[in-house]
Structures are given as C-alpha cells and as structure tokens.
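Trainee: Structure below; questions to follow.
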Amino acid sequence: MSDKVCQNGNGTAAKPLTNGIANGVDEKNEEKIAGVFYNAKEASWYTYDVLQEIANHLLARTQLRPKIGIILGTGLGSLANQLTDADYIDYQTIPHFPVSTVEGHVGRLIFGYLKGVPVMCMQGRFHYYEGYPLAKCAMPVRVMKLVGCSHLIATNAAGGLHPDYKVGDIMLMKDHINIMGFAGNNPLQGPNDSRFGPRFPNMFNAYDFKLLKKAKEIGRDIGIENNLHEGVYICLGGPNFETVAELKMLRIWGVDAVGMSTVHEITTAVHCGMTCFAFSLITNLCIPSYDLEESPCHEDIVGIGKRQENTLTELVSRMAKHIHMELKK
Ligand SMILES: O=P(O)(O)O[C@@H]1C[C@H](O)[C@@H](CO)O1
Ligand SMILES: Nc1nc2[nH]cnc2c(=O)[nH]1
C-alpha cells in the first residue's frame, strides 16, 4: 500500500489547532475556530476601529511601509523565503487575528523586500471551510489597506477545468464567479462602513486590465508563455473537492479553474479601492469523468506549489517591481 496520506481525495491532513491566540474574539470563540458554524455576529465584529487597531499594532512592529500586499495560497508559501530584511509576525501574536489551520499555510505575516520591493505578505490565508465567515477570511485585506497597501497580489492553488490546462500551469485571473455570493454569502454583507468603500461596489473591472497585460508580457520574458493562461476562477465553499456532475456544470458556466478562496478577498479589496492582480497555480486537473483512478489530494497540491517556487517567485517579484515603479511615477 502506498504511504501517501491521501488517496481518492480523502484523508486531507489538518494542522492541529493551536490554543495560543492572543486575545479578543478568538479566545472566546475557540470552538468556532474548529469550523463548527457560521456566525454573522463574529463577521461584523471586525469594525473599522478594530481593524485600525490591528494595523497600528503591525505598524509598531515593523519599519516597513509596503504599498503591495501579497496573499500566498496553498503550497505557495515558500515564495516568502525570498523576502529579505524581513519582520515575521505570527498570526497568534496579532490581536484579534484568526489562526491558520490548513497544512501548507504557515500562519504569519511577513514584512520584507521581494527583490528590493517592500511588500506585506500573508504566508497562509483563511478559508470558509475552516469555519471562518467570509468577512473574517477576507479581513486581512482591509488590514493591508489600513497599513497603506494600494495593491493586492493574490495567489491560489486551483483545479484546472479548462481542457487545455496542465498541472503546473498558471492561470491569470481575468474574472471570477462569486457563487457563494449568489446565495447571499458575501464578505461585504452587513452594515457598510463607507470609510472602506461604497455599499454597492462595482466588480466590473475587479482584475486590473493593465496588470493582466503586464503579467502576460512577463510570462513571455521568463519563457512560460506556453504554460500561461487567462481565465475565470470560481471559489466553492469546500472542503470537499467536486463531484463529476458539479464539474460538468461549472464547465458549462465558463469556469476555467476551481478553488476555495480568493474571490472574497478580491471583493473586499475592490470594495476598499485596491488594485488587484491574482493568479491560480493549476495543481490538479478537474476532468469530469467517472473513469479516473486519481482524484485531487491536498498533499499533492501542496507539492506542486513547492515545485513551481522559482517560476512563481519570478512572476510575483517582477509584478511587484512593475507596480512599485508605476507607483513612483
Ligand atoms: O488557499 P488556496 O485557495 O490556495 O488553497 C486551495 C484550496 C484549498 O484550501 C486547498 C485544497 O488543497 O488548496
Ligand atoms: N475546489 C477545489 N479547490 C482546489 N484547490 C486545488 N485544487 C482544487 C480543486 O480541484 N477543487
């Protein structure tokens, strides 16, 4: 028998929950962190003042003043190894911050220089299936904004649904389908604080067209144009992977890559006026057939991210450099 932890899509390893939460809402809601139920009250707990408190806390712990926030998806955390002169801030030590419970998400913020560009990096994100409401999953984006970031680079691991995609390819996100929002589950649900943004934000140009164009140019420069695509991402609630019938339906909808994150982060970032760029690393193929022997496995997904570290670092750092130069103009 293979010693692989998961086969046939089962057995996804969970990181043991830590009890070392600094203070605030999580201490009281420790049970909820185990992913038990959705609590709208908990989501709306992150008021402007609470988020400002978190931002001030961070600004007191680093000299860096980044304009670019980066979210590293599953298996993509090793990109953070490239940061120099870095300040590492564990989520457990930040007031009111949740903890990362998923393998492949270290759970810390890093303020450092990516090839000379100051950035703020989330090495590990929060997912809905961990038991966090969407507003809480996306809360760090508002913190980025309050720290001074005008741009967000979000990355994720996703299943490739488009028939041309191969494992290891990169799909630049040109758009998304907010399926969880269709049913009213939206990170912006609840009272709107106009200091963040408008009640009814426009998502028409959520993914900055110029940055998308630049990414394609960079893709050519670094020789990955044959493994680079542009497509539509969907975030499902997870944690289960999709059934064949679901994959068939998503394909009809025009979805190219399937994941469990990013959409609520981008929605929150657009709401507060940040310019967004995002991409998916295709870590497995979503083939709508009952005849397959292999199915997605979290450990393999993490491994693909690590394998692609050099390419991803090159793409992200060149994008960061470009944004940095543009901001200086
Ligand atoms: O955080 P991301 O969206 O990169 O993680 C994806 C979705 C699940 O969390 C995990 C499945 O392996 O990878
Ligand atoms: N929902 C979903 N998320 C993923 N993350 C990485 N691969 C997948 C996948 O196939 N489906």
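Values in this text are rule-based calculations from the coordinates and carry no lab data. Just so it is clear, the structure is predicted and the values come from calculations on it, not from any experiment. A quick note on method: Cβ atoms are made from the backbone with ideal geometry, for glycine too, and the neighbour counts reach across all protein chains shown.
Trainee: Which one is nearest to ligand 2 (Cβ to nearest atom) among residues in region 214-228 that are among the charged types (D, E, K, R) and out of contact with any strand residue (DSSP E or B) (no Cβ under 8 Å at 6 or more places or on another chain)?
Mentor: Of the residues in region 214-228, the ones among the charged types (D, E, K, R) are 214, 216-217, 220-221, 225.
Filter once more, keeping what is out of contact with any strand residue (DSSP E or B) (no Cβ under 8 Å at 6 or more places or on another chain): 214, 217, 220-221, 225.
Values: 214: 26, 217: 27, 220: 26, 221: 27, 225: 23 Å.
That would be 225.
Trainee: Counting just the residues of region 229-253 that are closer than 30 Å to residue 214 by Cα and within 9 Å of ligand 2 (Cβ to nearest atom), which one comes out surrounded by the most Cβ atoms within 10 Å (Cβ to Cβ)?
Mentor: Within region 229-253, the first condition is being closer than 30 Å to residue 214 by Cα, and the residues that meet it are 229-236, 250-253.
Still in the running and within 9 Å of ligand 2 (Cβ to nearest atom): 234-236.
Working: 234: 23, 235: 27, 236: 22.
Filtering region 229-253 for residues that are closer than 30 Å to residue 214 by Cα and within 9 Å of ligand 2 (Cβ to nearest atom), the one surrounded by the most Cβ atoms within 10 Å (Cβ to Cβ) comes out as 235.
Trainee: Taking interchain pairs and intrachain pairs at least six residues apart, which have beta carbon atoms under 7 angstrom, with the first residue in region 216-243 and free of Cβ contacts under 8 Å to residues at least 24 places away in the same chain and of a type in the set (S, T, N, Q) and the second within 14 Å of ligand 2 (Cβ to nearest atom) and not in a loop (DSSP other than H, G, I, E, B)?
Mentor: Close Cβ pairs (under 7 Å, with a partner that is within 14 Å of ligand 2 (Cβ to nearest atom) and not in a loop (DSSP other than H, G, I, E, B)) do not exist here.
Table: residues versus (1) touching a Pro at 6+ places or on another chain (Cβ under 8 Å); (2) within 14 Å of ligand 1 (Cβ to nearest atom); (3) among the β-branched types (Val, Ile, Thr).
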{"site": "99", "(1), (2), (3)": "no, no, yes"}
{"site": "104", "(1), (2), (3)": "no, yes, no"}
{"site": "115", "(1), (2), (3)": "no, no, no"}
{"site": "119", "(1), (2), (3)": "yes, no, yes"}
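Trainee: Taking into account only those residues within region 61-99 that are within 15 Å of residue 139 (Cα to Cα) and either in contact with an Asp or Glu (Cβ under 8 Å, 6 or more places away or on another chain) or β-branched (Val, Ile, Thr) (or both), which is surrounded by the fewest Cβ atoms within 10 Å (Cβ to Cβ)?
Mentor: Result: 95.
Trainee: A follow-up question, please. Conditions first: (1) over 18 Å from residue 163 (Cβ atoms); (2) hydroxyl-bearing (Ser, Thr, Tyr); (3) within 19 Å of the chain's Cα centre (by Cα). Residue 233 passes all but one, so which condition is the exception?
Mentor: Only one criterion is unmet by residue 233, namely (1).
Trainee: Give the residues of region 144-167 that are touching a residue at least 60 places away in the same chain (Cβ under 8 Å), farther than 25 Å from residue 325 by Cβ and more than 15 Å from ligand 1 (Cβ to nearest atom), sorted by residue number.
Mentor: First, the residues of region 144-167 that are touching a residue at least 60 places away in the same chain (Cβ under 8 Å): 144-162, 164-167.
Now drop any that are not farther than 25 Å from residue 325 by Cβ, which leaves 156-162, 164-167.
Answer for region 144-167, where residues must be touching a residue at least 60 places away in the same chain (Cβ under 8 Å), farther than 25 Å from residue 325 by Cβ and more than 15 Å from ligand 1 (Cβ to nearest atom): 162, 164, 165, 166.
Trainee: Any residue at all in region 199-213 that's crowded, with 17+ Cβ neighbours inside 10 Å, acidic (Asp, Glu) and more than 16 Å from ligand 2 (Cβ to nearest atom)?
Mentor: Checking region 199-213: at least one residue is crowded, with 17+ Cβ neighbours inside 10 Å, acidic (Asp, Glu) and more than 16 Å from ligand 2 (Cβ to nearest atom).
Trainee: Output the number of residues of region 108-139 satisfying the condition of being within 16 Å of residue 61 (Cβ to Cβ), touching a Lys or Arg at 6+ places or on another chain (Cβ under 9 Å) and surrounded by fewer than 24 Cβ atoms within 10 Å (Cβ to Cβ).
Mentor: 2
Trainee: To continue, here is another question. Being surrounded by 21 or more Cβ atoms within 10 Å (Cβ to Cβ) and among the hydrophobic types (A, V, I, L, M, F, W, C) is the filter here; which residues of region 303-327 pass it?
Mentor: Once the filter is applied, which keeps residues that are surrounded by 21 or more Cβ atoms within 10 Å (Cβ to Cβ) and among the hydrophobic types (A, V, I, L, M, F, W, C), region 303-327 yields 312, 315, 316, 319, 320, 323.
Trainee: Another question, then. Collect the residues in region 245-274 that are among the hydrophobic types (A, V, I, L, M, F, W, C), within 16 Å of ligand 1 (Cβ to nearest atom), touching a helix residue (DSSP H, G or I) at 6+ places or on another chain (Cβ under 8 Å) and more than 15 Å from residue 175 (Cβ to Cβ), keeping them in residue-number order. First the steps, then the outcome.
Mentor: Step one: of region 245-274, the residues among the hydrophobic types (A, V, I, L, M, F, W, C) are 245, 247, 249-250, 252-253, 255, 257-258, 260, 263, 266, 269-270, 272, 274.
Okay, now just the ones that are also within 16 Å of ligand 1 (Cβ to nearest atom), so 247, 250, 255, 257-258, 260, 263, 266, 269.
When the remaining residues are screened for being touching a helix residue (DSSP H, G or I) at 6+ places or on another chain (Cβ under 8 Å), the result is 258, 260, 263, 269.
Matches in region 245-274: 260 only.
Trainee: Turning to a different aspect of this structure: Among the listed residues 128, 165, which satisfies the condition of being over 24 Å from residue 193 (Cβ atoms) and of a type outside the set (A, V, I, L, M)? Steps first, answer last, please.
Mentor: Numbers: 128 fails: over 24 Å from residue 193 (Cβ atoms).
Testing whether each residue is over 24 Å from residue 193 (Cβ atoms) and of a type outside the set (A, V, I, L, M) leaves just 165.
Trainee: Could you identify the single residue in 242, 314 that is away from ligand 1 (no atom under 11 Å from the Cβ) and within 16 Å of residue 160 (Cα to Cα)?
Mentor: The match here is 242.
Trainee: Shifting gears a bit: Looking at (1) closer than 12 Å to residue 176 by Cα; (2) assigned to a helix (DSSP H, G or I), can you tell me which one residue 258 breaks?
Mentor: Exception for residue 258: condition (2).
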